[in-house]
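Inspection log for the structure reproduced underneath, given as structure tokens.
Rule-based calculations on the coordinates, nothing more; no lab input. Worth saying up front: this structure is predicted, and the values here are computed from it rather than measured. Neighbour counts run over all protein chains shown; Cβ positions are idealised from the backbone, glycine included.
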Amino acid sequence: MSTLDVEIQLLAVVVAVACALPGVFLVLRRLALMSDAISHSILLGIVLAFFWVQDLAHPFLVLAATATGVLTVALVEALHRTRRVKEDAAIALVFPALFSMAVLLIARYAGDVHLDVDAVLLGEIAFSPFRRLEVAGMDLGPRSLWLMAVILVLNIVALAVFWKELKVSTFDAGLAAAMGFSPALIHYGFMGLVSVTAVGAFDAVGSILVVALMIAPPAAAWLLTDRLPVMVVLSGALAALSAVAGFWAARAIDASIAGSMAAMAGVVFLAALLFAPDRGVVAGVRRRARQRLDFARTMLMVHLLNHEGSARARVENQMDHLQEHLRWSPEFARRVVRRAERQGLLERRPGGRLRLTPLGREEARHRMVR
Amino acid sequence: MTDGGLFHALLFDYTLRTVALGAGALGVVAGALGCFAVLRRQSLLGDAISHAALPGIGLAFLLTGSRATPVLVLGAALAGWIGTLFVLGIVKHSRIPEDSALGIILSVFFGIGLVILTFVQRRPTAAQAGLETFLFGQAATLMVRDVLLIVGVGAGALLLLALFWKEFKLLTFDREFGGALGFPMVRIDILLTTLLVVGIVLGLQTVGVVLMSALVVAPAAAARQWTNSLSVMVVLAGVLGGVAGVTGALVSATGGGMPTGPVIVLMASAVVVVSLLVAPGRGLASELVRRFRVRRRVRADVVLSDLYALAVQHDESGEHAHPVAVLRAMHGGQAGTRRSLGVLAERGWAREVEPGRWAITPKGVERARTLFLPGGEEDGVETVGRGGVAPGGGL
């Protein structure tokens, strides 16, 4: 691994973790698509500020872009408050307009600076190590790594300091308001944080992939835990994992690193969706199958007990008759009987007759009275 | 180029005519289909579909080596459809809310699409040139056969829309009722979503994956402001979408290779802004006018109630006139008393007996009684005397 590779991976991890931290609250507060809107419209802030200062490295750009992000949120809410359009349509109207303006301005006036349309979508994580931060002639590392590190620290500090406020207002907005936390202040403060993060990450991974890094790892983490602190830490870890895996996958086929990071974040989410211990799709399917068998076994117990000792017992309590009387397929009937037999609830007699064991009789009675 | 020149070119320039026709047809189809997306609160599903289509374009090219539009559109449609299924599946089978599911699908699929596109671009063949126009769209690349594809498939989609009109309407406004009537609502939902996917992928070459959703949402949102009828809304959205498409494509094609998507989106956004402001009934301007009228009426009623209170206290005939200053003092010195008196005079509810002194007319007395007296005169007078609005009064 060359120094370059290390630096790119380091930047990728820092970007991913910085995005995932506010992403936790975006997911929980049902604001996931606001990140989509913000990450698009910050481009307009960057472009306008660039025309003003004529320098892509100027800190004013970050400031202006962040302001545009917050402005987007305000615009969406203002449009929604007119009650002329629903909230989803308001989002879908505001950011394409702002983004279109930015793209046209770039295409028209900024074609020959380092702000081209491809970079807007792809980011330039592979090239960012070439822009170094030098202080007094000393090389301190890639500039964007420093910027993102600062933003990461800002995120950690903000979450730590406003943990209680964010938590309460996310899970119980009414309680938060009653406790005297201003909902508007928390909301806009938080959206400001999301905007800063999106602006910093924009440089590395472009405007659309920011969304993947902000939403996919927290969503995956939410499937794995019910505890907020665990979710935050897990989101960071999954984001870092996606970043590193994405880097190596991109290296393997010589494709876009940012795109590959987003794809890996998707893979991680899909894995959590399918295989999460409690909430995964697979776990759900197995749970339902087991419940079905358990229910069928209980039904069998009750059926056997019901006909035990009666005149028809010879016919009813017969392996081959279960299909007919309980409408089970032969395969399913065999599985249920095997399961009950293994649990010591019934025994198979010669000629396919089924007989409850004392334990089974006890179980059937217990189920019936309950 | 002057307007006249542009018009001339539209009629006689072959390329320009092709481009305008394609973008216009696209706008009609997207606008009409978009109505259902907007009404069903699926505006952002369109965004997810259009982004999710990107890997389909890349894969279709990778597998077939063909840049023919139908091939790429088919790939895009399949990918967009799979993306939609993923969104629905995630929402159904996990606790992830819809907005997060949309965000994940749109960005992850887009990421996969970029991986495929960059992978394709770095291979040593030249045939891949032009795939990146699918990001922001380039109407100038539209050929006649592309336009025929848009018109043909779009007409098919609109035909289906007309055939299943009743079903789609039921789905949009009262899904449960439709189910109770025995319609297969799930299948109808799938059909309508598929039409939306088709409408979106048709526009990818012209508008691009990043902004196509705006061409779906904006005309519908604009049309919604002008009407409360679904059929009028669909037709109007089609017209507005078509206008945005034609003008956007023309500006882009004649304006030095600007990407078409953003221009069309800005046109459509302008239509939305205008509609929000000036549409009769729902527009913000008419809302302002309405509020102004209500405020003026309420103020006049307050003054009328004061005059009535004075009349009751002095003499029932209402001959006794009162100075404007008294009336003003009665409701806290608010401005506009004279204007309110003017309004009352216009309706014949009050008259200026001598300059600066006003009295209530018999008609005004009647009006004041109908306004405020649900529970007996004394009670009413007392309430009115406080300058307030009587509880239960029929304002």
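General remarks:
- Comparing mean-square fluctuations of A:GLY192, A:GLY174, A:GLY280 from a GNM of chain A with C-alpha springs under 10 Å, the top value falls on A:GLY174.
- Value of Rg to Rh for the protein assembly as shown, rounded to two decimals, is 1.11; Kirkwood radius and Rg both from alpha-carbon coordinates.
- Pair A:PHE127, A:ALA252: separation of 7 Å Cα→Cβ label points (nm): 2.7 nm
- Using a Förster distance of 51 Å, the FRET efficiency for A:ALA313-A:LYS164 (Cβ separation, nearest 0.05): 0.15
- Each residue, A:MET368 and B:ARG41, gets one label point 7 Å from its Cα in the Cβ direction; the gap between the two is 5.0 nm.
- For A:GLN318, the residues whose modelled amide H falls within less than 5 Å of its own, excluding neighbours fewer than 5 places apart on the same chain, are A:LEU354.
- Structural size metrics of segment A:3-212, computed from C-alpha coordinates, are Rg and Dmax of 17.6, 57 Å.
- Taking every DSSP helix (H) stretch of at least 4 residues in chain A, weighting each as -39,500 (n - 2.57) and dividing the sum by the residue count yields a mean residue ellipticity at 222 nm of -25500 deg cm²/dmol.
- Partner lysines whose Cα lies under 23 Å from the Cα of B:LYS169, excluding those fewer than 8 positions away in the same chain, are identified as A:LYS86.
- Calculated FRET efficiency for the pair A:ARG338/A:ALA289, C-beta based, R₀ 25 Å, to 0.05: 0.95
- Note: segment A:1-118, Cα convex hull, 130 Å³ per residue.
- Those residues of segment B:193-231 whose amide nitrogen sits under 14 Å from the label point placed on B:LEU88, 7 Å along Cα→Cβ: B:193-198
- Normalised contact order of segment A:44-201, rounded percent, pairs of Cα under 8 Å and 6 or more residues apart: 24 percent
- Semi-axis lengths, Å, chain A, gyration tensor of Cα atoms, sqrt of 5 times eigenvalues: 59, 24, 19
- Backbone HN-Hα couplings from phi across segment A:225-241 [Karplus 6.51/-1.76/1.60, Hz, Gly and Pro as x]: 8, 10, 9, 4, x, 5, 4, 4, 5, 4, 4, x, 5, 5, 4, 4, 4
- Mean separation of Cα pairs under 8 Å and 6 or more residues apart, divided by the residue count, gives chain A a relative contact order of 20 percent.
- Length gained on full extension, A:VAL135 to A:ALA57: 26.6 nm, using 0.36 nm per residue less the C-alpha separation.
- Taking B:THR206, B:THR118 and counting other C-beta atoms within 10 Å, the order from fewest to most: B:THR118, B:THR206
- Once the chain from B:LYS166 to B:VAL144 is taken as fully extended at 0.36 nm per residue, the excess over their C-alpha distance is 4.5 nm.
- Under the Debye formula (equal points on every Cα, no solvent term), log10 I(q)/I(0) of chain B at q = 0.14 Å⁻¹: -1.07
- Most fluctuating residue given options A:LEU322, A:LEU21, A:LEU121, as computed from a GNM of chain A linking Cα atoms under 10 Å: A:LEU322
- Per residue of peptide B:221-227, the mean number of Cβ atoms on other chains within 10 Å of the residue Cβ is 2.
- Phi angles of segment B:69-78 translate, via the Karplus equation with coefficients 6.51, -1.76, 1.60 and θ = phi - 60°, into HN-Hα couplings of 4, x, 4, 5, 5, 5, x, 4, 5, 4 Hz per residue; Gly and Pro are given as x.
- GNM top mover of A:PRO358, A:PRO183, A:PRO142 - chain A, alpha-carbon springs below 10 Å: A:PRO358
- Computed on segment B:127-205, the Cα convex hull volume stands at 108 Å³ per residue.
- Each Lys or Arg adds one and each Asp or Glu subtracts one; over the other residues with Cβ under 15 Å from the Cβ of A:PRO96, this totals -3.
- Gap separating the Cα centres of segment A:212-286 and segment A:137-185, nearest whole Å: 22 Å
- For B:THR370 and B:VAL232, a Förster radius of 41 Å and the Cβ-Cβ distance give a FRET efficiency of 0.60, rounded to the nearest 0.05.
- Ellipticity estimate at 222 nm from DSSP helix runs (n ≥ 4, -39,500 (n - 2.57)) divided over chain B, nearest 500: -24500 deg cm²/dmol
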